[in-house]
Amino acid sequence: MKPPAFLYHDPRSIDEAVALLARLDNARLLAGGQSLMPMLNMRYVLPDHIIDLNRIEALAGVRQIGETLRIGAMTRQRDIAEHPLVRSRLPLMVEALGHVGHRQTRNRGTIGGSLCHLDPAAELVAVAANLDATIEIVGPKGARLLPMAEFALGFMTPAIAPDEMVAAVNLPLPAARHGYAFLEMARRHGDFAIVAVAVVLTLDPAGRIATCAITLGGAAAVPRRMAEAETMLRGAAPDALLFGRAAATARAVDALEDAQVPGWYRRQVAETLIERALATAHRRAVAANGMAS
Amino acid sequence: MTVGGFPQARVLGRDVPRVEDEPLIRGKGRFLDDIALPDMLHAAFLRSPHAHALIRGIDAAAARALPGVAAILTLADLLPCLAETCLKTAMPSPSYRQQLDRPVLADREAVHVGEPIAIALAESRALAEDAAAAVEIDYDPLPVVADCLAALEAGAATAHRGAPSNLVAEMTMGFGDVDRAFEQAPHRFRERLRIHRGGSHSMECRGVVAVPEPVEDRLTVWSSTQMPHAARRLLCDILGLDENRIRVATPDIGGAFGPKLVFYPEEVAVAAAARATGRPVKWVEDRREHFVATAQERDQYWDVELATDADGRILAVRGALVHDHGAWTVRGVNVPQGAMGAMPLAYVVPAYRIGLKVAATNKVPVAPVRGAGQPQGVFAMERLLDAAARGLGLDRAEIRRRNLVPPDRMPYATPLKTRGGIAVTLDSGDYPRCQQMALDGADWSGFPARQAAARAKGRYLGIGLANYVEGTGRGPYEHVSVRIEGSGKIFVATGAAAMGQGTRTMLAQIVAEQLGGDLGRIEVITGDTAAAPLGLGGSNSRQAVMAGSSAHVAARRLRQRVLEIAGQLLEVAPADLEIDGDRVRLKGVAEVSLGLSAIARAAAGQAGFPLPEGGGPGLFAREEVVIDAMTYANGSAVAELEVDIGTGKVTILNLVFAHDCGRALHPRLVEGQLMGGIAHGIGNALYEYMVYDENAQPLTTNLAEYLLVTATEMPPVKILHIESTTPLNPLGIKGVGEAGVIPIGAAVASAVEDALSPWKIKIDRLPLSPVEILALLNAAKARDSL
Amino acid sequence: MSDGGCASRSIAVTVNGSVCRAEAPVRLTLSDFLRQTLHLTGTHLGCEHGVCGACTVLVDGRAMRSCLMLAVQADGHQVTTIEGLAAPDGSLHPLQAAFCRHHGLQCGFCTPGLLTTLVEFLKDCPDPTAAEIREAISGNICRCTGYDSIVAATIEAARALRGDGTTP
């Protein structure tokens, strides 16, 4: 399984990369290669040009700007999981990354690559949606910011023009004392998620739910914020019954069907995982706030 | 690890370091794809994308013009090199109703996705793939046969256009008056089962390198095969050459597990292409090809009944089996026949009859994968026993205890015969004790309390048990020669093939036991027709038994001759001598000794001088110990697991495997075989499914979609050993290569059913996916709420 | 067609401590570069789509699937393969020795990828539990051993690397 023939470019700056994108037809950006290289080896894609982003140092790095974490598109998944800022302020991402492939995948794979590939089951995509991330897109006309909800246009279709590329993702940081959980149903450790759930919530001083974000990955074409459930939970006193009712909103999801996994399965497991994730996130929130459970 | 059953031996039964390890651990193995020769061409095959189609025309003009392309060859282009155009079915069975021999390359009709139609030869594999992609083939799609049950219905389309039907074979296996037993039986239980097994997926796929040797007009073929001598015979027949003109040799093999003992069009096409071009040709199968071109197992449908008396004693078993054979008859009906033969073996079954129908489908041909049908037969029997236990209110272990062949009836002659007509006689073993060991090891009696405690917390645990008896050491022989050369070094050559299981270590150990005890002085050559004149190769857990027996007998004969000659030269009685390393010494008197080198030279003789008395020249022994009867190993597996009723996921918490493979030559190698087999078994039970759609298009064609067990899916495993020495071979050993696979599916199914017993869910199929489990739960809950 | 892109490139990759210079077609994967251009055939190909892990090598000390990298991407970087694990005097790395002692290899095809993965893992996690080891090697498929012996070998090698107790 050898790749087809193509011409290779390795720009050293974002401007150079954008210029290449504008000039070349049938070009593909090569980030970590964990998704593109298998497709090339299997000849599922036949690009005339490969633009390798791995030499653009400006594209990698984690920085805190105010209450936002800016992660460069070419930052390796492993580096994100080990970064002190991520570990202290975004444990949801650390937990999610534990499910992303295997060591070898994370050593090379990037956050930008995952976001642009936009696999419905991708953990980082679900996390970005859950945190209301903003994507920095760069093109010939300069840079623009796009909310994650608008970035994920459709099934594996990000809202990027052919002459644009993702430069970074900005993640608003949850309040310091928040609860979180990332759960997924996968056949084996490290496999693609059949269903994934990300939850972040905060509590008010009385122990009621103040803010709540619930994202379902893998069930629909793009990650789905469970808005109805979030509304139900905001301001409410948390208990198992409430979590059950919130999770039951998954029954209305228009879920993906494929040869091995029917839609009803995704809906049913989504409900189970949302309930479990809420319980875990709540438990962690209580602990973070030093409250009696 | 305790020492195996050879307490007096110096190396037998010990965990000696493997002779294979040194180069492999350094990355200096020599696997097929590591072979690089000057002037070598790389091959890529053009394969049918259709499950069934007429081939109207092949246009390779554009492909031939691509850079680096040496040739694109179809069957027509290869004809000058071929004496025959088809690979004859190996082991044709009297049960065949039609024999479907597949062509070297398909030229008129393609009958499965992946069938090879043309071979592209270029300076690199990438260029060969470019060329293959540029070949245009005009297809006329034909109706597709995608399911073996549908294939046998009246009016079904045929998998081969010219075939009268899809019925490839039918036969009945059995004994006793089954129908009368059922008429009179107070209790009858019926199960309809569907069992799917997947492919072997050795980490190294197939591959062939064919090298023409123009000076003597010979051909050397390196092949990742389990049966080099049979490969040579096949190539001789098809290429029209004598055996002395073709050498088939095996490089290091990165796993095989069955499919590498079948022969394939690609092997012939590569050899023919090498002769046609006069250049070495290499073809390495990639993983995607492995899914569509290498033999695999697939579906079986069983409709079986068990008749028992009021105490749960088996009176009779009968039923019908439909087996999906794929598009060609490549190798007998071994898989279903093995399944039917395995079904009753562990138990006293007074009457038995299974009717088999084998159906052709437009899918990859089916040939044995590790276990070769036995796991399916065991699954069927164990499901019936569970049904009977449930129906009669008996503990599942108890009903089995009442029916296991007891040790005092050994050797137990069943009325069954193997495919070669050899009587199936269970030679040795204590099946009830083995089952009890497994039960004790798993704390079977303490499980109800564990289950109840878990249920109180909303967790669903289950436990399951399965027994098996396995025919091992398939005869009739394996060739081994042992030679001590003038340097004193010992050379062993064998027709046995190595595929990772430590064959060379095993044989070196057996020979070293007789000739000095130092494995470092022994070189073993396996799998090379130039080194061994005959051989049957690796399959059916046979090589330790068959090659081991021949090595043992040959080495003993050689030892006797060595001591005889040494006795003459040292002027002492042979009985007072021992062999230690490379020297023969007088026992207790180290200074009185002779090197093996001196003895070998004395045996070689000198012109004009008499040879040492008592024998002919040289130190060479050749042996093919003939043993027709198989020796029967057995085991019991207990699986304890948890079913997550929210997701359908199954987690095995504990697996206990008690087994008897006779005396263990090398305890650690034995455990390695068992553990590896258990991993395959868990894959068969919960993960491995080769999915095809209704047009026989394969949907799982990569390792992300077809799930192999990784380290995180393996449960804690406890392996317990019993050694019943078999009288059937001089070492008292039984085969162990497939044992680990055989009972796992049945034990897991039983445990899942036990976990879901509050909903009275019956498990009737393998593998079990979380989707299926949740579907069963939903159906049960819907049924309960009515 | 010259849009500034190239079809092959001169690269210099440091492999097992030695700088290797060669002309590499851009579509040549790192795995094929190692195996065919440099004749280091110890790194094996089991799937060429990034699942089986047999092709794992260390790039700048990090375990990566070489079938998912292009040779040209390794230009200027350090690669360690199975052939580079033993000491200069030929003595085996503690992991290699432990694998042999515990029967952690049967056919040996997946072994090189496992060893490079574990070399990196033990640097990151010098005192791992069995569960952590299993997770670390969950991206390496072995079809022969069932993994138990590999885990046992790794535990012993970890001890040796930490310097606790002597290796036999």
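Quick look at the numbers
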item	result
Hey, B:Asp15 closer than 15 Å to C:Gln36 by Cβ, of a type in the set (D, E, K, R) and not assigned by TED's automatic domain parsing to the domain that holds B:Thr505 or not	no
Qualifying residue in the range C:23-32 (condition: surrounded by fewer than 22 Cβ atoms within 10 Å (Cβ to Cβ), free of Cβ contacts under 8 Å to residues at least 40 places away in the same chain and over 16 Å from A:Lys2 (Cα atoms))	yes
Members of the range C:19-50 that are aliphatic (A, V, I, L, M) and touching a helix residue (DSSP H, G or I) at 6+ places or on another chain (Cβ under 8 Å)	C:Ala22, C:Ala24, C:Val26, C:Leu28, C:Leu30, C:Leu34, C:Leu40, C:Leu45
Positions within the range B:368-383 being touching a Ser or Thr at 6+ places or on another chain (Cβ under 9 Å) and not charged (D, E, K, R), in sequence order	B:Pro368, B:Val369, B:Ala372
Of the criteria (1) surrounded by fewer than 21 Cβ atoms within 10 Å (Cβ to Cβ); (2) part of a helix (DSSP H, G or I), which one A:Gly290 fails	(2)
Residues within the range C:136-155 that are within 14 Å of chain A (Cβ to nearest Cβ) and surrounded by fewer than 21 Cβ atoms within 10 Å (Cβ to Cβ), tallied	0
Hits in the range C:35-49 (condition: more than 24 Å from C:Gly5 (Cβ to Cβ) and either at the interface with chain B (Cβ under 8 Å from one of its Cβ atoms) or buried (at least 22 other Cβ atoms within 10 Å of the Cβ) (or both))	C:Arg35, C:His39, C:Leu40, C:Thr41, C:Gly42, C:Thr43, C:His44, C:Leu45, C:Gly46, C:Cys47, C:His49
Subset of the range C:79-93 (residues that are at the interface with chain B (Cβ under 7 Å from one of its Cβ atoms), assigned to a helix (DSSP H, G or I) and among the small types (Gly, Ala, Ser))	none
Residue within the range A:5-23 that is at the interface with chain C (Cβ under 9 Å from one of its Cβ atoms) and of a type in the set (Lys, Arg) present	yes
Flag for B:Pro368 being buried (at least 23 other Cβ atoms within 10 Å of the Cβ) and assigned to a loop (DSSP other than H, G, I, E, B)	yes
Which numbered condition A:Ile194 fails, given (1) surrounded by fewer than 24 Cβ atoms within 10 Å (Cβ to Cβ); (2) within 14 Å of chain B (Cβ to nearest Cβ); (3) in contact with a helix residue (DSSP H, G or I) (Cβ under 9 Å, 6 or more places away or on another chain)	(1)
Neighbours by Cβ (under 8 Å, 6+ apart or cross-chain): first from the range B:754-767, outside the structural domain of B:Ile744 (by TED's automatic domain parsing); second modelled with pLDDT under 95 and hydroxyl-bearing (Ser, Thr, Tyr)	none
Within the range A:1-105, helices (runs of 4 or more DSSP H) holding 3 or more residues that are crowded, with 19+ Cβ neighbours inside 10 Å and touching a helix residue (DSSP H, G or I) at 6+ places or on another chain (Cβ under 8 Å)	A:36-41, A:77-82, A:91-97
Selection count, the range B:241-275, where residues are surrounded by fewer than 24 Cβ atoms within 10 Å (Cβ to Cβ) and within 16 Å of B:Glu216 (Cα to Cα)	8
Pairs where the first residue, in the range B:535-550, is part of a helix (DSSP H, G or I) and the second is buried (at least 24 other Cβ atoms within 10 Å of the Cβ) and of a type in the set (Lys, Arg), C-beta under 7 Å, 6+ apart	B:Val545/B:Lys734
Set C:Cys110, C:Cys52, C:Cys125: member being under 22 Å from A:Arg78 (Cα atoms) and at the interface with another protein chain (Cβ under 7 Å from one of its Cβ atoms)	C:Cys52
Criterion: within 22 Å of B:Ile119 (Cβ to Cβ), surrounded by 21 or more Cβ atoms within 10 Å (Cβ to Cβ) and in contact (Cβ under 8 Å) with a residue 24 or more places away in the chain - qualifying residue of B:Val281, B:Val358	B:Val281
Those residues of the range B:629-658 which are within 14 Å of chain C (Cβ to nearest Cβ) and not β-branched (Val, Ile, Thr), in sequence order	B:Ala637, B:Leu653, B:Asn654, B:Leu655, B:Phe657
Hits in the range B:118-143 - residues which are among the charged types (D, E, K, R) and buried (at least 19 other Cβ atoms within 10 Å of the Cβ)	B:Arg125, B:Glu129, B:Asp130
Residues located in the range C:94-104, provided they are part of a loop (DSSP other than H, G, I, E, B) and more than 7 Å from chain B (Cβ to nearest Cβ)	C:His102, C:Gly104
Which listed residue, of A:Leu201, A:Leu242, is aliphatic (A, V, I, L, M) and crowded, with 22+ Cβ neighbours inside 10 Å	A:Leu201
Lone unmet requirement of (1) assigned to a loop (DSSP other than H, G, I, E, B); (2) more than 24 Å from the chain's Cα centre (by Cα); (3) under 20 Å from B:Asn634 (Cβ atoms) for B:Leu786	(3)
Residue match in the range B:166-184 (condition: farther than 30 Å from B:Leu536 by Cα and either in contact with a helix residue (DSSP H, G or I) (Cβ under 7 Å, 6 or more places away or on another chain) or buried (at least 24 other Cβ atoms within 10 Å of the Cβ) (or both))	yes
Residues located in the range B:28-61, provided they are among the aromatic types (Phe, Trp, Tyr) and either farther than 28 Å from B:Trp222 by Cα or more than 10 Å from chain C (Cβ to nearest Cβ) (or both)	B:Phe45
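Conditions (1) hydroxyl-bearing (Ser, Thr, Tyr); (2) in contact with a His (Cβ under 8 Å, 6 or more places away or on another chain); (3) farther than 30 Å from B:Val492 by Cβ; (4) surrounded by 14 or more Cβ atoms within 10 Å (Cβ to Cβ), marked per residue:
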{"site": "B:Arg383", "(1), (2), (3), (4)": "no, no, yes, yes"}
{"site": "B:Asp430", "(1), (2), (3), (4)": "no, no, yes, yes"}
{"site": "B:Gln436", "(1), (2), (3), (4)": "no, no, yes, yes"}
{"site": "B:Gln451", "(1), (2), (3), (4)": "no, no, yes, yes"}
{"site": "B:Leu461", "(1), (2), (3), (4)": "no, no, yes, yes"}
{"site": "B:Leu465", "(1), (2), (3), (4)": "no, no, yes, yes"}
{"site": "B:Gly471", "(1), (2), (3), (4)": "no, no, no, yes"}
{"site": "B:Tyr477", "(1), (2), (3), (4)": "yes, no, no, yes"}
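Yes/no per residue for (1) assigned to a loop (DSSP other than H, G, I, E, B); (2) under 25 Å from B:Gly737 (Cβ atoms):
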residue	(1), (2)
C:Lys123	no, no
C:Ile141	yes, yes
C:Ala152	no, yes
C:Leu161	no, no
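Here's the yes/no breakdown for (1) assigned to a helix (DSSP H, G or I); (2) facing chain C (nearest Cβ under 10 Å); (3) modelled with pLDDT of 95 or more:
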{"residue": "B:Gly672", "(1), (2), (3)": "yes, yes, yes"}
{"residue": "B:Ile678", "(1), (2), (3)": "yes, yes, yes"}
{"residue": "B:Ala696", "(1), (2), (3)": "no, no, yes"}
{"residue": "B:Tyr706", "(1), (2), (3)": "no, yes, yes"}
{"residue": "B:Lys718", "(1), (2), (3)": "no, no, yes"}
{"residue": "B:Thr726", "(1), (2), (3)": "no, no, no"}
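The values are calculated or read from the model by the stated rules, or taken from the named source; none is laboratory data. What you see is a predicted model; the values in this text were computed from it and never measured. Cβ atoms come from the backbone with ideal geometry, glycine included; neighbour counts cover every protein chain shown.
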